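Asker: Here it is, the structure, as structure tokens.
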């Protein structure tokens, strides 16, 4: 079967992406050489990927990588698939006038996409990345080596192994999903079952870990200058009250994503 015949038979939007992955060729190659025949092994591998995708498995897991902030990151089923909306945090920080001795902590780093993207663009900054999952940290370390970035990785449950260190900026893209997500039957939601549940869901309508983190921050001898959190737009009111209760002197600024939804909160030290 030729490339053209294969793509006409499997006409899903991502078929050419999956086929180019199997053939280890660019997507342009597929259309420049439509007459090229696939081997039996290649066709079998392609059909397997298509079948997995139809079940809802994220493309990133099929390709074993995800693009984020112009960089390619290895992802496995031990790491959450980086979301495009998370790029806002990286972009926002890079647009700040930070001194070279600014220290940044990326909590719940997963694949390391946030920490590595920041370090890659501002090599002089001190960047630490932590995660409660040792398997996720292994993937993040591999990505750091691939992008030749020097990052301090720490295995920690929130600030439990970091409370004796000071950071100017804390970024926390922690699990904020709850049963409203699980009960969603949309195509996008179906893919969630393939991702690590530890990195997606938590208690208290998704705000459990943020409450614990804010409580830990409130007890630090020297608090960070700013904290960035990503959240579900439906959590804005409850999150605002939570921040006000635990860090009453802090200045809270909410930001919208490109879709016009409340997605990020910037908590500045009071």
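Asker: Touching a residue at least 40 places away in the same chain (Cβ under 8 Å) and loosely packed, with under 13 Cβ neighbours inside 10 Å, is that true of residue 28?
Answerer: Working: touching a residue at least 40 places away in the same chain (Cβ under 8 Å): no; loosely packed, with under 13 Cβ neighbours inside 10 Å: yes.
No, not satisfied.
Asker: Just give me the residues in the stretch 6-24 being modelled with pLDDT under 95 and farther than 18 Å from residue 60 by Cβ, in sequence order.
Answerer: Result: 6, 7, 8, 9, 10, 11.
Asker: Go through 93, 3 for me and flag whichever is within 30 Å of residue 125 (Cβ to Cβ) and crowded, with 18+ Cβ neighbours inside 10 Å. If you could, list the steps in order and put the result at the bottom.
Answerer: Working: 3 fails: within 30 Å of residue 125 (Cβ to Cβ).
Of the residues listed, the single one that is within 30 Å of residue 125 (Cβ to Cβ) and crowded, with 18+ Cβ neighbours inside 10 Å is 93.
Asker: OK, next. Taking the residues in the stretch 223-236 that are surrounded by fewer than 18 Cβ atoms within 10 Å (Cβ to Cβ) and farther than 12 Å from residue 169 by Cα as candidates, determine which candidate is nearest to the chain's Cα centre (by Cα). Full working, then the answer.
Answerer: Let us first name the residues in the stretch 223-236 that are surrounded by fewer than 18 Cβ atoms within 10 Å (Cβ to Cβ), namely 225, 233-234, 236.
Imposing the further condition that a residue be farther than 12 Å from residue 169 by Cα reduces the set to 233-234, 236.
Numbers: 233: 17, 234: 20, 236: 20 Å.
Among those that are surrounded by fewer than 18 Cβ atoms within 10 Å (Cβ to Cβ) and farther than 12 Å from residue 169 by Cα, it is 233.
Asker: Still on this structure, I have one more. Considering only strands (runs of 3 or more DSSP E) fully contained in the stretch 87-163, which possess at least 3 residues that are out of contact with any strand residue (DSSP E or B) (no Cβ under 9 Å at 6 or more places or on another chain)? Can you show your working first?
Answerer: On the way: elements: 103-107, 126-131, 152-155.
Per the criteria, no element qualifies.
Asker: Residue by residue through the stretch 185-209, note down the ones that are out of contact with any strand residue (DSSP E or B) (no Cβ under 6 Å at 6 or more places or on another chain), surrounded by 18 or more Cβ atoms within 10 Å (Cβ to Cβ) and either modelled with pLDDT under 90 or part of a helix (DSSP H, G or I) (or both).
Answerer: Correct list: 191, 192, 199, 209.
Asker: Looking at this structure, is residue 81 assigned to a loop (DSSP other than H, G, I, E, B), surrounded by fewer than 24 Cβ atoms within 10 Å (Cβ to Cβ), at pLDDT 95 or above and in contact with a strand residue (DSSP E or B) (Cβ under 6 Å, 6 or more places away or on another chain)? So that I can check it myself, show each step before the final result.
Answerer: Numbers: assigned to a loop (DSSP other than H, G, I, E, B): yes; surrounded by fewer than 24 Cβ atoms within 10 Å (Cβ to Cβ): yes; at pLDDT 95 or above: yes; in contact with a strand residue (DSSP E or B) (Cβ under 6 Å, 6 or more places away or on another chain): yes.
Yes; evaluated as a whole, the condition is true for this residue.
Asker: Select, from 51, 45, 60, the only residue that is without any contact (Cβ under 8 Å) to a residue 24 or more places away in the chain, touching a strand residue (DSSP E or B) at 6+ places or on another chain (Cβ under 6 Å) and closer than 27 Å to residue 192 by Cβ. Walk me through it before giving the result.
Answerer: Numbers: 51 fails: touching a strand residue (DSSP E or B) at 6+ places or on another chain (Cβ under 6 Å); 45 fails: touching a strand residue (DSSP E or B) at 6+ places or on another chain (Cβ under 6 Å).
Step by step, each of 51, 45, 60 is checked, and only 60 is without any contact (Cβ under 8 Å) to a residue 24 or more places away in the chain, touching a strand residue (DSSP E or B) at 6+ places or on another chain (Cβ under 6 Å) and closer than 27 Å to residue 192 by Cβ.
Asker: Something else about it: Just wondering, is there one or more residues in the stretch 32-50 that are in a helix (DSSP H, G or I), within 25 Å of the chain's Cα centre (by Cα) and surrounded by 13 or more Cβ atoms within 10 Å (Cβ to Cβ)?
Answerer: Quick first cut of the stretch 32-50, residues in a helix (DSSP H, G or I) only: 32, 40-50.
Right, trim to within 25 Å of the chain's Cα centre (by Cα) and you get 49-50.
From what is left, the residues that are surrounded by 13 or more Cβ atoms within 10 Å (Cβ to Cβ) are 49-50.
Yes, because at least one residue in the stretch 32-50 is in a helix (DSSP H, G or I), within 25 Å of the chain's Cα centre (by Cα) and surrounded by 13 or more Cβ atoms within 10 Å (Cβ to Cβ).
Asker: So residue 173 ticks every box in (1) closer than 22 Å to residue 112 by Cβ; (2) over 20 Å from the mean Cα position of the chain (by Cα) but one. Which box is left unticked?
Answerer: (2)
The values are calculated or read from the model by the stated rules, or taken from the named source; none is laboratory data. The structure presented is a predicted model; accordingly, all values stated were derived computationally and were not measured. Neighbour counts are summed over all protein chains in view; Cβ atoms, including those assigned to glycine, are modelled from backbone coordinates with ideal geometry.
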